[in-house]
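J.: Quick one: the structure is below, and I'll ask about it shortly.
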Amino acid sequence: MRLNSPKINLIIKACQKASKALIRDFGEIENLQVSTKAPGDFVTSADKRTEKIIIDELQKAHPDYGIITEEAGHINKSNTQNRWIIDPIDGTINFLNGIPQFAISIAFEENNEVICGVIFNPITNEMFLAEKGNGAFLNNSRIRVSNKKKMSDSLIVTGGPKYVSNIKDKIFSEYINVSKKVSNVRKFGSAALDMAYVACGRFDGYWQRELNYWDIAAGIILIKEAGGFVNFFDEDKINSVKKNIIASNSDIHEEFARLINKKDIE
Ligand code: 2AM
Ligand code: CA
């Protein structure tokens, strides 16, 4: 049996508590889709309820810690030393459409460095967790990134552009360029699970623009602890809140980064 730290155990407890309501809500989606009620509103309330359960559970243990979340924004903003980063439902469009590819994502940061994280898909019951220096796990098994050596053999996952994106053409052309150089590209709709799947070797690499920190915080420590690389590219000086991320196993990372930076594209 692997021993988890108190932090990880607390996150696991919060995930399990929140997922009960989330599973019930997901079961309701099918009924909603044939009703006249707006499913969008339903998802927003599921999001908020899930987030509240998680925040309450974490705050019970550490009332003074900072929190960054998708719905509630910043809590205890001045505490940047100890901070939770929470996405209650990552993959909301999948959730809304009754597709079981979404997750709760919770990370913990110490002095601006993610030191542990959990990504939990309550429908498949897959819990990905990682802690700095202690490796990455899927349920009780140790996970590692894939060992593909070449981009041309690699299965890469991406996401976006969002409906509201101002750089749709750029993202589409990047998609075409990468597609020409790799075995295949997937779009699964949950940044957190995309990263978890890179950590356990299902995908060889992942890149995406215009993400929020809560989409990817837990994924960062998972991939690092699974032996992979995570980097950020084309940092936006005006809107530094949005992140452009590239992640993969260590063998293809350089080639992948060159490709995204367009140095390798005919
Ligand atoms: P979300 O489901 O929590 O919104 C999909 O490509 C990924 O991008 C998901 O992780 C999704 O997180 C994130 N994302 C953030 N804002 C989005 C938006 N406006 N539309 C679609 N996906 C968004
Ligand atoms: Ca998200």
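J.: So how strong a dipole does the chain carry about its Cα centre when Lys and Arg Cβ are +1 and Asp and Glu Cβ are -1, to the nearest 20 debye?
T.: 340 debye
J.: Show that you can apply the helix-only estimate: for the chain, add -39,500 (n - 2.57) for every DSSP H stretch of four or more residues, divide by all residues, and state [θ] at 222 nm to the nearest 500.
T.: One gets -12500 deg cm²/dmol as the mean residue ellipticity at 222 nm.
J.: Return the percentage of antiparallel bridges among DSSP beta bridges fully within the stretch 129-264, rounded to the nearest 5 %.
T.: Bridges in the stretch 129-264 are about 70 percent antiparallel.
J.: Sequence neighbours fewer than 8 away in the same chain don't count; with that in mind, list the aspartates and glutamates whose C-alpha is under 17 Å from Lys60.
T.: Within the straight-line limit of under 17 Å, Lys60 reaches these aspartates and glutamates: Glu51.
J.: What ranking, highest mean first, results for peptides 214-223, 104-113, 164-173 when packing means the other Cβ atoms within 10 Å averaged over each residue?
T.: 214-223, 104-113, 164-173
J.: OK, next. So, how do all the Cα-to-Cα distances of the stretch 6-142 break down into 5 Å bins, in percent, from 0 on up?
T.: 2, 10, 21, 22, 18, 13, 8, 4, 2, 0, 0
J.: Over all Cα pairs of the stretch 151-259, how is the pair count split among 10 Å bins, expressed in % and running from 0 up to the last occupied bin?
T.: Binned Cα distances yield the sequence 15, 52, 30, 2.
J.: Taking 51 Å as R0, compute the FRET efficiency from the Cβ-Cβ separation of Glu113 and Ser173 and round it to 0.05.
T.: So, using R0 = 51 Å, E works out to roughly 0.90.
J.: Further question: Would you list which aspartates and glutamates come within 15 Å of Lys168, measuring only between C-alpha atoms, while excluding same-chain residues fewer than 8 positions from it?
T.: Within the straight-line cut-off, Lys168 pairs with Glu210.
J.: Please tell me the relative contact order of the chain in percent, rounded to the nearest whole number, where contacts are Cα pairs under 8 Å and at least six residues apart.
T.: 16 percent
J.: For Ala21 and Thr80, compute 0.36 nm times the residue count separating them, minus their Cα-Cα distance, and round to one decimal in nm.
T.: Value of the extension gain: 18.2 nm.
J.: Have a look at Thr69, Tyr213, Asn139 and report the one farthest towards the positive end of the charge dipole of the chain, computed about the Cα centre with Cβ charges (Lys/Arg +1, Asp/Glu -1).
T.: Asn139
J.: If you wrap the chain's Cα atoms in a convex hull and average its projection over all directions, what's the area in nm²?
T.: Orientation-averaged projected area of the Cα hull: 14.4 nm².
J.: Taking a 18 Å limit on the Cα-Cα distance, which of the listed pairs Lys17/Lys52; Lys77/Lys162; Lys20/Lys187; Lys150/Lys242; Lys148/Lys181 fall beyond it?
T.: Going by Cα-Cα distance, Lys77/Lys162; Lys20/Lys187; Lys150/Lys242 fall outside the 18 Å limit.
Only the coordinates and a few stated rules stand behind these numbers; no lab work does. This structure is a prediction, so every number in the text was calculated from the model and none was measured. Every residue, glycine among them, receives a Cβ derived from its backbone with ideal geometry; neighbour counts consider all protein chains shown.
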